[in-house]
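Scroll down for the structure; my scribbles are underneath it.
The values are calculated or read from the model by the stated rules, or taken from the named source; none is laboratory data. On a predicted model such as this, the values are computed, not experimentally measured, just so you know. Cβ: placed from backbone, ideal geometry, glycine included. Neighbour counts: every protein chain shown. For the accessible areas, the whole protein counts, side chains as well, though only heavy atoms, and no ligand, DNA or RNA atoms are used. Shrake-Rupley method; radii C 1.70, N 1.55, O 1.52, S 1.80 Å.
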Amino acid sequence: MYSAAAAAAASPPRRDFISVTLSPEEAAVGAGGYNNSKAWRRRSCWRKWKQLSRLQRSVILFLFAFLAVCGVISYTSMGESWKALTSKSSDDQRTESEIPGLKLANPAVLPAPWKADANLGNYPELSPQKPPKPPHVRRGPSNLQIKAPRKDMRLKNQHDTSRVAEELVQADKEEKTEKSVISWRGAVIEPDQSTEPPSSKKKEPEKPSSVEAEDQKEPVPINDRQMAVIEAFRHAWKGYKEFAWGHDELKPLSKSYSEWFGLGLTLIDALDTMWILGLKEEFEEARKWVANNLVFDKNVDVNLFESTIRILGGLLSTYHLSGDSLFLEKAKDIGNRLMPAFRTPSKIPYSDVNIGRGTAHPPRWTSDSTVAEVTSIQLEFRELSRLTGDQKFQKAVDEVMKHVHTLSGKNDGLVPMFINTNSGQFTHLGVYTLGARADSYYEYLLKQWIQGGKKENELLEDYMRAIEGVKQHLLQRSQPKQLTFVGELAHGHFSAKMDHLVCFLPGTLALGAHNGLTADHMKLAEALIETCYQMYAQVETGLSPEIVHFNLHAQKGHKDVEIKPADRHNLLRPETVESLFYMYRFTGDKKYQDWGWEILQNFNKYTRVPTGGYTSINNVQNPSNPEPRDKMESFFLGETLKYMFLLFSDDVDLINLDKYVFNTEAHPLPIWVPA
Ligand code: DMJ
């Protein structure tokens, strides 16, 4: 059979060449008579030029002229829209000495919680909340130069088709060591030149952010839906108080409790929710328990991630909202007790710490840690350093992020689920998800970048690249409704499986877009939140299961969402409500409030236990018997109800998203800004 390869082999290869005759001197070079003097080199070039044919010279001259014209054109057209970034690499920017130059975006304080009316039906008697307008607040992104989108612009109306990730990847290829510009249409991001240079002095501990506001804005009255959230919270709290006070979780059916760490998990997780909801009495009672009964000097193993996001995060945010130093003292205590987790060969922390003994260890069956766990403790430890002036907390967690940034084994920014604490390398390569074990890695890339004043470019790069990875490998559309969903990839095989946990993503994407990232992200957020809502709406109880599988092929009588028997449970998780909150804040589209309202009603219908508390259920597909599990997770009070309350609020200053960043357990922490 005749083939092109055979033909190529038969005929001698054709070569294009320019013949150059060597002069005696040049011949001498070949013979070893090389003379590197300037005069010799000049002479030699001139001779070579003269030896070229007229055609050859014309071609070269034309090329030079062409390049010069191109240079002039590109200089004039790009000069307007591109800013050269003269800062050093982001690595340099992330030194610990940078922190002293940072201050709170807002000497933020919410008003002391007012007493909500004990009469649940008597909403109008409640005094309205008075969120103060902090003085000299810098509104909008703090140290970005954002062009185009105004602060109050509804991002959903933007039509930005720029290719951010491609630009980032391209820029990275061109500049391996020094990244100077991250830019895309609609937003040019550059470091704030007014940022104080990092100081090498040991920083002073930060003051609490609870400073009285100078001018008060008009109070925004609590509306009926918010009141319904307050009522739900009180009902949950009633069960906890009666049957589980000071214990980790309420078991509302058996009217008892379960212990995980034995640290009053629900109570601590709920502190800032009570503050935000204005439940003064409940807050004061809980504060008393913290003051008198919360003791960390206990021979108990805790999970580093869970205790960081729930306990450390909860204490820090409560300290910021209330200004009460009790919570900072407790935060310092638990923070110090968690530090032994970082004593590993690779500095990738172990999953578990004994907070009484000061020892840490991985799970019994492996020396791996979960990637999401080791990369989602940074907001809290960084804030603890800022507040205490002790850099060791930030240093430990920053080191983890820097290390993960350099690791191989990623797939277009997507990370595997496990990392080894000895080698520091990813393990179980080839499986990529935005669900369990990887989810909050992506969330914390963006949120750390926001927390730190949008200067840590490596975090932003990793985030942008990962979202491109999601688009490239994990996005699909379901049938029949064409819902955009995020599936999983296992060794090259796509699975149409999506955890409810992934529903954090629309909110995170929207937060990024609000902070100046490409409007493409907002469009994706809009598509994904619709999908997350459908994960509730297409189910018999109107509550989402833990995991869904989407139909990729239209089949008569089949919905988009399929549920496997093992995945039918609902743990009262917050992710969809969380994203609804962000979407409403940034778009003002009331449909997001309405969707959240439906969800709250279904929680009330199927998970509320009459004697107090709410329960996880085993079967979202059976409205006549959803099979209560007899457990109320602490995040129902820490997150789900808090995000519901915020979703139904029209007060953008009730946890202003330009001043606070929520940790992955819904505890708001202040955004740092330059002095
Ligand atoms: C919470 O502890 C946090 O939101 C975490 O990021 C994921 N799991 C639960 C809620 O689903």
DSSP-assigned coil residues among trypsin sites (Lys or Arg not before Pro) in the range 349-420, each with at most 15 further Cβ atoms within 10 Å: ARG357, ARG364
Normalised contact order of the range 343-421, rounded percent, pairs of Cα under 8 Å and 6 or more residues apart: 37
The range 224-305, accessible area per residue, ligands and nucleic acids excluded (1.4 Å, Å²): 35
Heavy atoms of ILE671 accessible to a 1.4 Å probe, total area in Å² rounded to 10: 10
Relative contact order of the range 528-632, defined on C-alpha pairs under 8 angstrom at six or more residues apart (%): 29
Solvent-accessible surface ranking, highest first, for VAL220, VAL609 at 1.4 angstrom: VAL220, VAL609
Relative contact order (percent, whole number), the range 456-589, Cα cutoff 8 Å, 6+ residue spacing: 27
Neighbourhood net charge (13 Å Cβ-Cβ; Lys/Arg +1, Asp/Glu -1) for ASN420: 0
Euclidean distance between Cα centres, the range 420-439 to the range 535-595, Å: 26
Local electrostatic count at GLN534 - Lys and Arg +1, Asp and Glu -1, tallied over other residues with Cβ under 10 Å: 0
Pairs from LYS590/LYS642; LYS556/LYS590; LYS402/LYS455; LYS288/LYS332; LYS471/LYS497 whose Cα-Cα separation, in the structure shown, is over 22 Å: LYS556/LYS590
VAL295-GLN479 FRET efficiency (beta carbon distance; Förster radius 60 Å; 0.05 resolution): 0.65
5 angstrom amide H check on TYR614, placed H, neighbours 5+ away: VAL609
Accessible area (Å², 1.4 Å probe, nearest 10) - MET417: 40
Charge context of VAL371, other residues only, Cβ under 11 angstrom, K/R +1, D/E -1: -1
ILE60/PHE494 FRET efficiency (R0 51 Å; Cβ-Cβ; nearest 0.05): 0.45
Sites VAL652 and GLU259, calculated FRET efficiency, Cβ-Cβ separation with R0 30 Å, nearest 0.05: 0.15
